[in-house]
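Asker: Could you have a look at this structure, given as structure tokens, before my questions?
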Amino acid sequence: MSERIHTYHEYLPALTDELIKNRSLSLILLDISTFNTIEEKYGIHIYTLVRQQVFELLAEQSGKDYRKEDILSLEDPGGLSILLFLSPRRHTAAGSYESLKTLRVRLMNVLIPKLLRTASPYLKVLPNISIGFAMGIYNPLMDPHHIILRIIREALEQARWQQNTERMGSLHTLRELIINEEVITLYQPIVDLREEKPIGYEALSRGNRGIVFGSPDELFDAAIKHHLLVELDRVCRNKALLFSNRLPARSKVFVNTLPATIRDPEFQGKHLIELLERANITPDRIVIEITEKLVIDNLSLFQDTMAYFTDLGMSLAVDDVGSGYSGLETISKLKPSYLKVDMSLVQGVHTSMINRELLEAIISLGRGIGAKVIAEGIEKPEELKTLRTIGIDYGQGYLLGRPDLMFNAEKK
């Protein structure tokens, strides 16, 4: 089924008649322009496909989420400002704005989640869809088309005002979270696949404000958007170390850190010593975990900075190995103690010969540089069996243990 939404220009005669007849015209505008991110990431073909799915979904909702008498259209042929001109029975002259507000809330709760599902296969964090509304009054001295244009501009302005309000609210919430250090730290076990015992725990951070920033992706994507990633990373790193006293004694603590933040003066010298004393943890238990795709804009600078921590006894782990960012040669120059294999290679390894061969290559690299290999994202017994067979050292994933607050960790 192929559906196409026409621009409002093709409905001008009907819109003009309604404006003159009813002396007013009401509009709900859905601003889905944030879906343009799909084109930037995946190209015009995928973007066109998603756009078509949006149109088909809107056509299916006629008579459900909006009335069949309403006029559904676009502001322009290539855009994603979707216009819903309401039928005259939608509102009365006395309560039209209240009716529009009520309809906006209902569409936000009912229609918008459906539209967002069309983007979910392509975007890890779903974009915002803003809804604006406006009502125009007929003026016989003006061209009806100019009145309709004014209604559209007012609705679009309100939608963008709403989007900006939400953005600023998100920024203020994130700033408060960072200032007040309202971060939850969970610990997920990293298990020796032969002895079936945890050798360490990865510290995982998320927000502590209910559903706001409730997932790690939401929290860190918001920090990237608001240019507060280093500030957030500092809080998460400090909390991860301070709360590590929940963990079994002598277990390793894997702490995710940005390459930039290891140059943080508050993570060196006197500040670092005081932090470790407060956390009651020795440097040899700490593993600094750097994501492969961030490693490395300036390799020599990173190596020089990292040497400070390895001289103290800390270890380095490179995360997301095999995800396709940097070459294995670059990783070998870092000489990390741990290689954490990206879950995309781990999941389904029992059925994929390509994944198995890539993992074996990483194992060979690990042995060559003296690094232990950790397989992430293990969820199935078949995956675990294959990983043991090919010689993976350690594993991490829901099958082996979910992230936990670790309040009652047994001290050993």
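Read-outs: derived from the displayed coordinates by stated rules, not from any lab. Because the structure is a prediction, the values reported are computed rather than measured. So basically every Cβ, Gly included, is an ideal-geometry build from the backbone, and we count neighbours across all protein chains shown.
Asker: Hydropathy first: keep DSSP H helices in the chain averaging at least 0.5 on Kyte-Doolittle, then drop any whose Cα extent along the axis falls short of 18 Å, and list what survives.
Answerer: Working: long enough: 44-60 (24 Å, 0.57); 96-119 (32 Å, 0.22); 144-179 (52 Å, -0.38); 229-242 (20 Å, 0.32); 299-312 (20 Å, 0.48); 353-369 (24 Å, 0.71).
Membrane-span-like by this criterion, though nothing is claimed about a membrane: 44-60, 353-369.
Asker: Separation between the Asp284 and Lys41 pseudo-spin-labels, each 7 Å from Cα along Cα→Cβ, expressed in nm?
Answerer: 4.4
Asker: Please compare each pair in Lys41/Lys68; Lys239/Lys372; Lys21/Lys68 to a cut-off of 28 Å on the Cα-Cα distance and tell me which ones are over it.
Answerer: Values: Lys41/Lys68 35 Å; Lys239/Lys372 26 Å; Lys21/Lys68 19 Å.
Table pairs above 28 Å Cα-Cα are Lys41/Lys68.
Asker: Oh, and also: Residue-wise, which Karplus ³J(HN,Hα) couplings in Hz belong to segment 61-76, taking 6.51 cos²θ - 1.76 cosθ + 1.60, θ = phi - 60°, and x for glycine or proline?
Answerer: 7, 4, x, 10, 7, 8, 7, 5, 6, 5, 9, 9, 7, 10, 5, 8
Asker: Where Lys and Arg each count +1 and Asp and Glu each count -1, what net charge lies around Asn139 among other residues with Cβ under 14 Å from its Cβ? Mind showing how you got there, number by number?
Answerer: Working: positive: Arg23, Arg150; negative: Asp143.
Summing Lys/Arg as +1 and Asp/Glu as -1 gives +1.
Asker: Please compute the Kirkwood hydrodynamic radius over segment 1-57, one decimal place, Å, based on all pairs of different Cα atoms.
Answerer: Values: mean 1/r = 0.0727 Å⁻¹.
Averaging 1/r across every pair of different Cα atoms and inverting gives 13.8 Å.
Asker: Where does the chain land at 222 nm, in deg cm²/dmol rounded to the nearest 500, when only DSSP H runs of n ≥ 4 count, each adding -39500 (n - 2.57), divided by all residues?
Answerer: Value at 222 nm, helices only, nearest 500: -14000 deg cm²/dmol.
Asker: Right, something else. Could you list which residues have their amide H under 5 Å from that of Ser87, counting only those 5 or more apart in sequence or on another chain, with H placed in the peptide plane?
Answerer: Asp70, Ile71
Asker: Are there chymotrypsin sites (Phe, Trp or Tyr not before Pro) in segment 304-353 that DSSP puts in a loop and that have at most 16 other Cβ atoms within 10 Å, and which ones? Intermediate values should be presented prior to the final figure.
Answerer: Numbers: sites: Tyr308, Phe309, Tyr325, Tyr338; in loops: Tyr325.
Those that pass, being in a loop and sparsely packed, are Tyr325.
Asker: Could you pull out every residue, at least 5 positions away or on a different chain, whose amide H is within less than 5 Å of the one on Asn256? Hs are placed 1.01 Å off N in the peptide plane, and Pro or chain starts have none.
Answerer: Excluding prolines and chain starts, which carry no amide H, the hits are Ala203, Glu289.
Asker: Let me ask you something else. Each residue of segment 280-290 in order: what ³J(HN,Hα) in whole Hz does its phi give by Karplus 6.51 cos²θ - 1.76 cosθ + 1.60, θ = phi - 60°, with x for Gly and Pro?
Answerer: Running phi through 6.51 cos²θ - 1.76 cosθ + 1.60 with θ = phi - 60° gives 6, 9, 8, x, 5, 8, 9, 10, 7, 9, 10 Hz.
Asker: What does the charge count near Arg402 come to, summing +1 for each Lys or Arg and -1 for each Asp or Glu among other residues with Cβ under 14 Å from its Cβ?
Answerer: Details: positive: Arg206; negative: Glu202, Glu376, Glu379, Asp404.
So the environment of Arg402 carries a net charge of -3.
Asker: Defining a contact as two alpha carbons under 8 Å apart and six or more residues distant in sequence, what relative contact order in percent does the chain show?
Answerer: Values: 634 pairs, mean separation 52.6, N = 412.
Dividing the mean separation by the residue count of the chain yields 13 percent.
Asker: If I take all pairs of Cα atoms in the chain, what percentage of them are more than 27 Å from each other?
Answerer: Details: 52145 of 84666 pairs.
The calculated P(r) of the chain puts 62 percent of pairs beyond 27 Å.
Asker: Still on this structure: Convert each backbone phi in segment 25-40 into a coupling constant with the Karplus relation 6.51 cos²θ - 1.76 cosθ + 1.60 (shift: θ = phi - 60°), then list the ³J(HN,Hα) values in order as whole Hz, x for Gly and Pro.
Answerer: Each residue of segment 25-40 in turn: 8, 10, 9, 10, 10, 9, 8, 10, 5, 5, 5, 4, 4, 5, 5, 5 Hz.
Asker: Taking 8 Å as the Cα distance limit and 6 or more residues as the minimum spacing, I'd like the relative contact order of segment 215-280 as a percentage.
Answerer: Working: 33 pairs, mean separation 24.4, N = 66.
Reported as a whole number, the value is 37 percent.
Asker: Still on this model: For all pairs of alpha-carbon atoms in segment 8-166, what percent lies in each bin of width 10 Å, listed from the first bin to the last filled one?
Answerer: Final binned percentages: 10, 40, 35, 13, 2, 0.
Asker: Give me the one-decimal Kirkwood hydrodynamic radius in Å for segment 181-395, with the sum taken over alpha-carbon pairs. Please report the intermediate quantities before stating the final value.
Answerer: Working: mean 1/r = 0.0559 Å⁻¹.
Mean inverse Cα-Cα distance, inverted, gives 17.9 Å.
Asker: Sort 163-175, 184-196 for me by packing, meaning the mean count of neighbouring Cβ atoms within 10 Å per residue, highest on top. Before the final figure, lay out the partial values.
Answerer: Working: 163-175: 14.1, 184-196: 18.4.
Going by the mean number of other Cβ atoms within 10 Å, highest first, we get 184-196, 163-175.
Asker: Let me ask something else. What number comes out for the charge environment of Lys225, summing +1 per Lys or Arg and -1 per Asp or Glu over other residues with Cβ under 14 Å away?
Answerer: Numbers: positive: Lys124, Arg167, Arg175; negative: Glu166, Asp217, Glu218, Asp221, Glu231.
Neighbour charge sum, excluding Lys225 itself: -2.
Asker: List every residue whose amide H lies under 5 Å from the amide H of Ser323, counting only residues 5 or more places away in sequence or on a different chain, with H placed 1.01 Å from N in the peptide plane.
Answerer: Asp342
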